[in-house]
Each structure stands twice: as structure tokens, then as C-alpha cells.
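Student: Structure provided below as C-alpha cells; questions to follow.
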Amino acid sequence: SGEFEHRNLFGSNETITIEALVGLDEQSLQNRYRLPQFGRPGQDLVAGLELRHIDDDAFEEFGGTLTLGLEREITPELTIGAGGLLELSQIEESDGSDTTSRLVGLPIFAAYDNSDDRLDPTEGFRARLSFTPFSGYVGDTPAAFAVLDGSLSAYFDLTGEKKYILAGRGRFASVLSGDLDVVAANRRLFSGGGGSVRGYRERFVGPLDANDDPVGGLSAVEMGLEMRARVASAVGIAVFLEAGSVSTSVAPEFDEGVQTAAGVGVRYFSPIGPLRLDVGVPLNPRDADDSFQVYISIGQAF
């Protein structure tokens, strides 16, 4: 991956960010632009364009998303935003069917963050709630649905010395739709992976089809608990327990069960933030699940 950022593009703190990712399962190019103090103090105009190719067990997508919106800082901790998006995707689902998705969305969100560090929080909490109604076509079928997604993370310094940190997270999401088939595969809900339920492959928690590929769902629930400890000035360890469930109903029904995982990790606290190595193991694996997963990243898992 590579990123270029200019923080004073036209002389008034305009920021443009160009980010490229080349991976085995995903390739993307993102362009983000932020114009500060747009119309009033504390309000930014934000725009973005993302081109991507994703090829994993759930689906293969060639897609692009164009966004434009406003973000307003209500307090130093609370930010709200609203805007619009246009999305065009060519999707091959796990059953081999091809679909063209053409969607218009109106995303709104509220985010609260009083944690003390972006990459390595030790106290405080973070909460985000987003709601995006969509309209358009999935194939030749008119589609109208809305995605509600909320998450909460909390951090507790157990000794006051930033040496032992207890961190927890939860997520609830629902797609308000009467039929899974009218929701584009890339907009369905999935769980599993490095920022979700470690121990399972990306998007692999939830219902599987006859080929043991994930189909996604209309609701998702996740929970996680992690204990972090510094054992040296630049080295830390972590143990975690996580669980998640995805179902094809708007409200969670847990028909597919709850997948749980546990693991351990090592942290190296570099000048740019903690470098993370985690190994997660499913506690109730299905026949299609791997025996373990390894994750390497910058910053804590949540």
C-alpha cells in the first residue's frame, strides 16, 4: 500500500489524500478531498472517489463509489455528517451469478470519540452510528433498502499507569429490507477478520452456501474483549476473546449459531504506533473454517 497526502493544496488547509492498495484479494485506489471551514466554522466539505476490485469467498466485485457530503464538529468529541453517494458495481456472487448494481445512497452518521490516542487508546470510549438508505437497481430488479450500523468501544486503564488496559467492543447492524436478494452482495452484512472476529477468515462468519462460501446477511452482532499489557517499554502482549453472528433476517435470530474465537498477540510500540501481530483460533469451528488465522497490522485491533 502507498499513500500521498497534501494538507494545504490551495493555501487554505485543503487536504487531498490518494491511497493505493495492491493485495492478493483486494486492489483499490482512493482519492479523498476535504475543504475545511466550508460555509461556517467547524464544518468541512468532504468528497471521495474509490475504485476497487475485491475477490474473496463471499463475492468478486469490480466497483466504484463517488461520495460528497458535509461534516460538522459539534464538540471536540462529537462529529456529525450527511451526504450522498453514487455506486456502480459488477458483482459475481459465490453461486457464480453475475449482477450489475447501480445505487444511490444518502449516508448520515454521528461519531463520538473521547479516547486519548487514535492508534493506541488507553482510556475513554468511541461510538459511531450510521444510517444509509439506498435506492436503485440490483440487476434488473428495483432495489430499496437501508443499512443501520452502530459500534461502541471502551478502554479502561486498570492501574493508571497505561500498563494494563482492558478494551471491549460491540457492534450491531441491520439491513432494513424484506428480501436478501434485492440487497447487492457488497452491501450485505458480513463478519469475521482482523477488525471483527479474529480467528475466522474475512467475511466468513455467518451462513454458508452449498460450496461453503459466505452469502452475507441482513443482521450482524459482534462482541469482543481484549486484555493488553506492556511487558517492556516498547513491547506488549494481548489476549482476546471475540464472538459474532450473521443472520438472513432483519433482526438477529442466531439460526446459524454464534462463532467464537480466542487468541494472543504481540505489540511493538514504534514511533508511528503499535505494530500488531495476532493469532486467532476458532473455539467452535465449522468444517469449512481454518484452524487459525494470523493478522499483521498497524494500530490496535479496535
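The values are calculated or read from the model by the stated rules, or taken from the named source; none is laboratory data. A quick note: this is a predicted structure, and the numbers were derived from the prediction, not measured. Glycine gets a Cβ as well: all are built from the backbone with ideal geometry, and neighbour counts include every protein chain shown. Quick note on the areas: whole protein, heavy atoms, side chains included, nothing else; ligands and nucleic acids left out. Shrake-Rupley method; radii C 1.70, N 1.55, O 1.52, S 1.80 Å.
Student: Report the percentage of all Cα-Cα pairs in region 78-158 whose separation exceeds 20 Å, rounded to a whole percent.
Tutor: Values: 1711 of 3240 pairs.
Summing the P(r) tail past 20 Å for region 78-158 gives 53 percent.
Student: For the pair residue 111 and residue 78, how long in nm is the line joining their label points, each one 7 Å along Cα→Cβ?
Tutor: 1.7 nm
Student: Quick check: residue separation of residue 284 and residue 253 times 0.36 nm, minus the Cα distance between them. What number comes out in nm? Working shown, then result.
Tutor: On the way: separation 31, 0.36 × 31 = 11.16 nm, distance 1.83 nm.
Taking residue 284 through residue 253 to full extension adds about 9.3 nm, to one decimal.
Student: Label-point separation (nm) for residue 162 and residue 104, each offset 7 Å from Cα along Cα-to-Cβ?
Tutor: So the two model labels end up 4.9 nm from each other.
Student: Grab the beta carbon distance between residue 13 and residue 268, set R0 = 45 Å, and tell me the FRET efficiency rounded to 0.05. The partial results should precede the final answer.
Tutor: Working: r = 33 Å, r/R0 = 0.74.
Using R0 = 45 Å, I get an efficiency of 0.85.
Student: About the Cα centre of the chain, how large is the charge dipole given +1 on each Lys and Arg Cβ and -1 on each Asp and Glu Cβ? Please answer in debye to the nearest 20. Spell out each step's value before the answer.
Tutor: Details: 24 positive and 46 negative charges, 292 e Å.
So the dipole magnitude of the chain works out to roughly 1400 debye.
Student: Probe of 1.4 angstrom, ligands and nucleic acids ignored: what's the accessible area per residue over region 1-113, in square angstrom? Write out the running numbers ahead of the final one.
Tutor: Numbers: 6580 Å² over 113 residues.
Per residue, region 1-113 has 58 Å² of solvent-accessible surface.
Student: Still on this structure: Quick one: if the Förster radius is 25 Å, what FRET efficiency do residue 179 and residue 152 give, using the C-beta to C-beta distance and rounding to 0.05? Before the final figure, lay out the partial values.
Tutor: Details: r = 29 Å, r/R0 = 1.18.
FRET efficiency, residue 179 to residue 152: 0.25.
Student: So, one more: How compact and how long is region 29-107, expressed as Rg and Dmax of its alpha-carbon atoms in Å?
Tutor: That works out to 16.2, 50 Å for Rg and Dmax.
Student: If each residue of separation counts as 0.36 nm, what is the full-extension length gain between residue 129 and residue 172 once their alpha-carbon separation is subtracted?
Tutor: 14.5 nm
Student: For the chain, what is the convex hull (Cα atoms) projected area averaged across all directions, in square nanometres? If you can, show how the numbers build up before the last one.
Tutor: Values: hull surface 65.2 nm².
The number I arrive at for the chain is 16.3 nm².
Student: If we restrict to alpha carbons, what Rg and Dmax does region 235-277 come to, in Å?
Tutor: Using the Cα atoms of region 235-277, the pair Rg, Dmax is 16.2, 45 Å.
Student: Still on this structure: Suppose R0 equals 35 Å; then what is the FRET efficiency for residue 118 and residue 40 from their Cβ-Cβ distance, rounded to the nearest 0.05?
Tutor: Numbers: r = 26 Å, r/R0 = 0.73.
Efficiency for this residue pair is about 0.85.
Student: Something else about it: What are the radius of gyration and Dmax of region 69-117, computed over its Cα atoms and given in Å?
Tutor: Computed over the Cα atoms of region 69-117, radius of gyration and Dmax are 17.2, 48 Å.
Student: Now for a separate question. Which whole-number value in Å² is the accessible area per residue of region 204-263, probe 1.4 Å?
Tutor: Numbers: 2430 Å² over 60 residues.
Heavy-atom SASA per residue in region 204-263 reads 40 Å².
Student: Quick one: pull the percent of accessible area on region 180-223 belonging to carbon and sulfur, 1.4 Å probe, ligands and nucleic acids left out.
Tutor: Working: 600 of 1310 Å².
Carbon and sulfur: 46 percent of the exposed surface of region 180-223.
Student: Per residue Cα convex hull volume for region 1-40, in cubic angstrom?
Tutor: With only Cα atoms used, region 1-40 gives 58 Å³ per residue.
Student: Would you work out the relative contact order for region 1-61, in percent, from Cα pairs under 8 angstrom that are 6 or more residues apart? Provide the component values of the computation, followed by the final result.
Tutor: Working: 116 pairs, mean separation 14.7, N = 61.
Answer for region 1-61 is 24 percent.
Student: Rg to Rh for region 171-302: what is it, with Cα atoms only and Rh by Kirkwood?
Tutor: Numbers: Rg = 16.0 Å, Rh = 15.5 Å.
Reported Rg/Rh (Cα atoms, Kirkwood Rh): 1.04.
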